[in-house]
Amino acid sequence: MKKIAPSLLSANFGNLETDIKMVNESEADWFHLDIMDGVFVPNISFGFPVISAVKKLAKKPLDVHLMIVQPERYLENFKNVGAEILTVHYEACTHLHRTLHAIKSLEMKAGLAINPHTSVSLLENVLFDVDLILIMSVNPGFGGQKFIENTYTKIKQLQNLKIEKNLSFEIEIDGGVDIFNSKKLFETGATVLVAGNSVFKAQNPLEAISQMKN
């Protein structure tokens, strides 16, 4: 099933409640929250108090993407503030298998993200341990970047592995997603699209979400 996850990093933080209500009323499926520490990526975003506030208003699952070093230190904290899907980066985890299983032991869905330079082939040994693979289609850290075309090749490679191993994990794409490439992304094998500026900067965000999904 096709899913859209609007990224709150692009929302209006001066009027966040209005944007959350819009997503609640839309055809979107999840709220996507990018957590950045200024170390793993050259930017800092929001922390636990903001996630907790979003959770109180959100009527859809929180899809939390950790762009931080040593994410294993905070898994329980993210569970406590309402994360239902928790994604860590392949490049940030020394003991990846342990971290993925720790996420699942906290009764969250375990996601694994890869940067544009990271090969899909490196994931083969953990595909049985994940609920979601997130392919970064821009370099992580900032919204509004240009979509990297090689992403389509990576989706196909991952989709082939998924079929070969008879698995059912979600394939999520994050970065540069809009109404012009959403159809091709879904057709190639993506099941979840993260959309930031293309939703929150659109003249009609509800219509933008509907167009991307349908």
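None of the figures in this text is laboratory data; all of them are computed from the coordinates on show. If you're wondering where the values come from, they're calculated on a predicted model, not measured in any experiment. Don't worry about glycine lacking a Cβ; one is built from the backbone with ideal geometry, like all the others, and counts go over all protein chains shown.
F48 to N150: extension gain in nm, 0.36 nm per residue of separation minus the Cα-Cα distance? Walk me through the intermediate numbers first.
Working: separation 102, 0.36 × 102 = 36.72 nm, distance 3.38 nm.
Fully extending the segment from F48 to N150 adds 33.3 nm.
Do the sum for the chain: with -39,500 (n - 2.57) for every DSSP H run of n ≥ 4, divided by all residues, what is the mean residue ellipticity at 222 nm, to the nearest 500 deg cm²/dmol? All intermediate terms of the calculation are to be shown ahead of the outcome.
Details: 8 runs with 70 residues, N = 214.
Value at 222 nm, helices only, nearest 500: -9000 deg cm²/dmol.
Can you tell me the order of 45-52, 30-37 when each peptide is scored by its average per-residue count of other Cβ atoms within 10 angstrom, highest first? Show your work: numbers first, answer last.
Details: 45-52: 15.2, 30-37: 24.1.
Ranked by mean Cβ neighbours within 10 Å, highest first: 30-37, 45-52.
Consider the candidate values (i) 0.94; (ii) 1.09; (iii) 1.19; state which one is Cα Rg over 2.2 N^0.38 Å computed from the structure displayed.
Checking each listed value against the structure points to (i).
How much length is gained if the chain between N24 and Q70 is pulled fully straight, taking 0.36 nm per residue apart and subtracting their Cα-Cα distance, in nm to one decimal? Please report the intermediate quantities before stating the final value.
Details: separation 46, 0.36 × 46 = 16.56 nm, distance 3.19 nm.
Between N24 and Q70, full extension yields 13.4 nm more.
Dipole of the chain (Lys/Arg Cβ +1, Asp/Glu Cβ -1, origin at the Cα centre): which of A53, V39, M1 lies farthest to the positive side?
Farthest towards the positive end: M1.
Please list, in chain and number order, the residues 5+ apart from L112 or on another chain whose amide H is under 5 Å from its amide H, with Hs placed from the backbone.
Distant-sequence amide H within range of L112: V88, L132, I133, L134.
Using only the alpha-carbon atoms of region 49-150 as identical scatterers, what base-10 log of I(q)/I(0) does the Debye formula give at q = 0.10, 0.16, 0.23 Å⁻¹?
Per q value, in the given order, log10 I(q)/I(0) is -0.28, -0.71, -1.27.
Where does each of 192-199, 97-104 land if you order them by average Cβ count within 10 Å, highest first? The partial results should precede the final answer.
Details: 192-199: 25.5, 97-104: 17.4.
Per-residue Cβ counts within 10 Å, averaged per peptide and sorted highest first, yield 192-199, 97-104.
Dipole magnitude of region 115-214 about its Cα centre, charges +1 at Lys/Arg Cβ and -1 at Asp/Glu Cβ only, in debye to the nearest 20? Don't skip to the end; give the middle numbers.
Working: 9 positive and 11 negative charges, 56 e Å.
In total the dipole reaches around 260 debye.
Rounded to the nearest 20 Debye, what is the dipole magnitude of the chain about its Cα centre when Lys and Arg each give +1 and Asp and Glu each give -1 at the C-beta? Can you show the working numbers first?
Details: 21 positive and 24 negative charges, 34 e Å.
Result for the chain is approximately 160 debye, rounded to the nearest 20.
So between K183 and N15, what do we pick up on full extension, going 0.36 nm a residue minus the alpha carbon distance?
Values: separation 168, 0.36 × 168 = 60.48 nm, distance 3.04 nm.
Separation in residues times 0.36 nm, less the Cα-Cα distance, equals 57.4 nm.
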